[in-house]
Amino acid sequence: MTAVATKATSAPEKVGVSRDVLAVFAGLMLGSLIASLNMTLVAPALPTIVAELGGLADYSWIPISAMLASTIVTPVAGKLSDVYGRKPLYMTGIVVFAVGSALSGLAPSFWFLVAARFVQGAGMGFIMPLSQAIIGDIISPRERGRYQGMMGASFGLASIVGPAAGGFITDHFTWRWLFFVNLPIAVVTLIVIALYMHVPNERRRRTIDVWGSVTLSACITCALLATVWGGVQYPWNSVQIVGLYGVAAALLAAFVWVELHVPDPVLPLRLWLSRIFTLSNVASVGVAMSMFGAIFFLPVFVQGVIGNSVTNSGAILVPMLVAMIVTSIAGGQFISHTGRYKIPLLAGLVSMGAGYYMLATFDVHTTNGTAIVAMVLIGLGLGMSMQTYTLIVQNSVSREDMAVATSATQLSRSIGAAVGLAILGTILTQGLQTSMAKYLPPAAVQKLTASGNGSSATAVFDPAQLAHLPAAIAAGIRHGLADALHPVFLAGLPIIAVAFIATLFIPEVPLRQTVHVTAGRQTAAK
């Protein structure tokens, strides 16, 4: 049994990296891999899935359901890991994710798939925040920059394989294998974690804030449902939408009351008194909204407007992800070497803004080359910003608040992703009928925008079906879809601007050079 060095870490000195830390980190990288594949394998195949199962009007619910579940579970995951330990909860998340993957691959209908994706998202709600919390436990903030940079790079690396592999599998096999492929990876991950991940299991006597978790989850669900359904299923001023927002507001008030009165809140409100914590979470919401907006809606443009195959539309994301890997690693090294994090953050947001500005200018004449340039700019920005906000928050909190603060940051990212997809999906759905009407006769518009399994309805997203339509109708669809996607991409600019302003006002404090706990089978004596 390997012994671990017991050198005290109270002095602000640089902490060496042991073999135990590397073993733990390897397990976390594998967990990040399966969560990343979940996002990127499916994105280019969404048009094909909708073409087979139907659900055009509810297109965005396939990614949103996973985001919603992750958002609900994330704030609870940190608290449960304090009670039952990080490792058991992390492995539970992987098992739940694998079950959701199997159900997704077997889905007989659109809404069954949405429910199965919800299960997948619940697993992600454990995997993502706990991986960051474990890193926060065993690696000092000054060293953590390069490790979180590598975590971001693993996301990018998996994402490079994901879109291209997702498109290839969809074209040559069936989209169902996009979910089944997660299963062997999950099994290998579980074995590696069980054998090699050894982190201190500091169980604490804490009560679970059940009512806080319930009110927060219900609040997020009601607000998201209202955002997705508003202007699509129901008018914005309808009883259903106004009622859902009203219920969400009441639940938010109840959540705040609960958090102020329970001894161990699921999300301590005192954390929000910190300017670092609050502004970092605001910026994280904006980065997540813009990232997933690009990942999920650019393939729609490439397939429906440019006319690429599913495989090629997935490959169009590769330059963004390569750029993300480069700046994620380089940015992590820069932060660890200098201890400065605001410069790369602000530079990254400027690069993302430039990329989204290009997306907002896309039309039917846009080429693959132009799309690639925009993707590279967005990827450069994401690599410099995606993991850094978690580092900033972890550096500003104590060991006691590490898990819950990390979960809160992941919660903000999940809310940003879910709300962003809901808002952008609503913009696209609402804009389709109006934009199509400019180029097609009313009868054709009615067929193309009607929900269902018919070929006319799914031709908007399916390039294979688009190729068999009359040339005039196909051209009209491409023009209409380009017009409908324009406000989707344009909406990304103010979102990135808000993230930039929030980041500008984050105080830059020195990064600690000490760790909270020591990784290994034996922990340091206190």
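Some notes on this structure:
- Subset of the range 237-274 [open to solvent by less than 40 Å² (accessible area, probe 1.4 Å) and among the β-branched types (V, I, T)]: I241, V258, V266
- Criterion applied to W272, W257, W236, W211 was being in contact with a strand residue (DSSP E or B) (Cβ under 8 Å, 6 or more places away or on another chain) and at negative phi, and the one residue passing it is W236.
- Test: residue in the range 283-296 that is closer than 30 Å to A472 by Cβ and in contact (Cβ under 8 Å) with a residue 12 or more places away in the chain: yes
- A residue that is among the aromatic types (F, W, Y) and closer than 28 Å to M402 by Cβ occurs nowhere in the range 215-238.
- L216, sole failed condition from (1) touching a residue at least 60 places away in the same chain (Cβ under 8 Å); (2) of a type in the set (A, V, I, L, M, F, W, C); (3) surrounded by fewer than 22 Cβ atoms within 10 Å (Cβ to Cβ): (3)
- Scope the range 250-263; condition touching a residue at least 12 places away in the same chain (Cβ under 8 Å) and of a type outside the set (D, E); matching residues: L251, L252, A254, F255, V256, V258, V262, P263
- All positions within the range 39-54 that are among the polar types (S, T, N, Q) and modelled with pLDDT of 70 or more: T48
- In this entry, N201 passes the filter for residues that are at pLDDT below 80 and surrounded by fewer than 14 Cβ atoms within 10 Å (Cβ to Cβ).
- All helices (runs of 4 or more DSSP H) inside the range 422-526 with 2 or more residues being small (G, A, S) and either modelled with pLDDT under 60 or within 30 Å of F25 (Cβ to Cβ) (or both): 455-458, 492-504
- Filter result for L321 (out of contact with any Gly (no Cβ under 8 Å at 6 or more places or on another chain), modelled with pLDDT under 85 and buried (at least 24 other Cβ atoms within 10 Å of the Cβ)): no
- Residue check for F277: in a helix (DSSP H, G or I), at pLDDT 80 or above and buried (at least 20 other Cβ atoms within 10 Å of the Cβ): yes
- Complete set of residues in the range 327-347 that are free of Cβ contacts under 8 Å to residues at least 40 places away in the same chain and within 19 Å of A283 (Cβ to Cβ): I343, A347
- Some residue of the range 389-400 being more than 19 Å from E508 (Cβ to Cβ), in a helix (DSSP H, G or I) and either in contact with a Phe, Trp or Tyr (Cβ under 6 Å, 6 or more places away or on another chain) or in contact (Cβ under 8 Å) with a residue 24 or more places away in the chain (or both): yes
- The residue that is modelled with the highest pLDDT, among those in the range 157-197 that are surrounded by 22 or more Cβ atoms within 10 Å (Cβ to Cβ) and in a loop (DSSP other than H, G, I, E, B), is W175.
The values are calculated or read from the model by the stated rules, or taken from the named source; none is laboratory data. Everything numeric in this text was worked out from a predicted model, so none of it was measured. Glycine gets a Cβ as well: all are built from the backbone with ideal geometry, and neighbour counts include every protein chain shown. Remember, those area values only see protein heavy atoms, side chains included, never the ligands or the DNA or RNA. Shrake-Rupley method; radii C 1.70, N 1.55, O 1.52, S 1.80 Å.
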